[in-house]
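The next block holds one structure in the form of structure tokens; read it before the comments.
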């Protein structure tokens, strides 16, 4: 685990976006090297990225959001049952069992907490089993 620390506005998010190949290379100068070598084109497919702002469907539960991500991003050759098992394992790993079937946003009842929402976003990225996972502001 590595952490990038610094005051607001110092470029932490920009650095992560450059490292994960999410920033237009024309918008910065320099080069990104991995172990002294130019970053391979396949690099982007080996890293996951969880943005600072939580991105999920508020009308779904954590389980449904993670399953939706799995359906969109995993091969169609993977069966529904295999995806369900993967989602259940991720929910367990991220300690989301108690809220797994609770809507993300409830106006009049307790919904999912901020930490549970962040962990749901992490789970949505974990479905890809990326070799490296970048988290931008994971504690906010």
**Complete:** Conditions (1) in a loop (DSSP other than H, G, I, E, B); (2) buried (at least 17 other Cβ atoms within 10 Å of the Cβ); (3) in contact with a strand residue (DSSP E or B) (Cβ under 7 Å, 6 or more places away or on another chain) -> residue 125 fails only (1)
**Message:** So for the range 76-89 (the condition being closer than 28 Å to residue 17 by Cα and over 13 Å from the mean Cα position of the chain (by Cα)), does at least one residue qualify?
**Reply:** yes
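Consider the range 40-62. How many of its residues are in contact with a strand residue (DSSP E or B) (Cβ under 7 Å, 6 or more places away or on another chain) and not in a helix (DSSP H, G or I)?
Residues in the range 40-62 being in contact with a strand residue (DSSP E or B) (Cβ under 7 Å, 6 or more places away or on another chain) and not in a helix (DSSP H, G or I): 4 in total.
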**Asked** Hey, residue 95 hits all of (1) under 17 Å from the mean Cα position of the chain (by Cα); (2) surrounded by 14 or more Cβ atoms within 10 Å (Cβ to Cβ); (3) assigned to a loop (DSSP other than H, G, I, E, B) but one; which does it fall short on?
**Response** (2)
**Message:** Being out of contact with any strand residue (DSSP E or B) (no Cβ under 8 Å at 6 or more places or on another chain) and outside any loop (DSSP other than H, G, I, E, B) is the filter here; which residues of the range 1-16 pass it?
**Reply:** 12, 13, 14, 15
**Request:** Quick one: which residue in 89, 65 is surrounded by 12 or more Cβ atoms within 10 Å (Cβ to Cβ) and touching a residue at least 24 places away in the same chain (Cβ under 8 Å)?
**Result:** 65
**Item:** Positions within the range 29-46 being touching a helix residue (DSSP H, G or I) at 6+ places or on another chain (Cβ under 8 Å) and touching a residue at least 12 places away in the same chain (Cβ under 8 Å), in sequence order
**Value:** 32
**Prompt:** For the range 68-84, how many residues meet the condition of being exposed (fewer than 12 other Cβ atoms within 10 Å of the Cβ) and either in contact with a strand residue (DSSP E or B) (Cβ under 6 Å, 6 or more places away or on another chain) or not in a loop (DSSP other than H, G, I, E, B) (or both)?
**Reply:** 4
**Asked** Across the range 2-33, which residue is modelled with the lowest pLDDT among those that are exposed (fewer than 11 other Cβ atoms within 10 Å of the Cβ) and closer than 17 Å to residue 132 by Cα?
**Response** 2
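The values are calculated or read from the model by the stated rules, or taken from the named source; none is laboratory data. Given the structure is predicted, the values throughout are model-derived calculations rather than measurements. Positions of Cβ are backbone-derived with ideal geometry, glycine not excepted, and every protein chain shown enters the neighbour counts.
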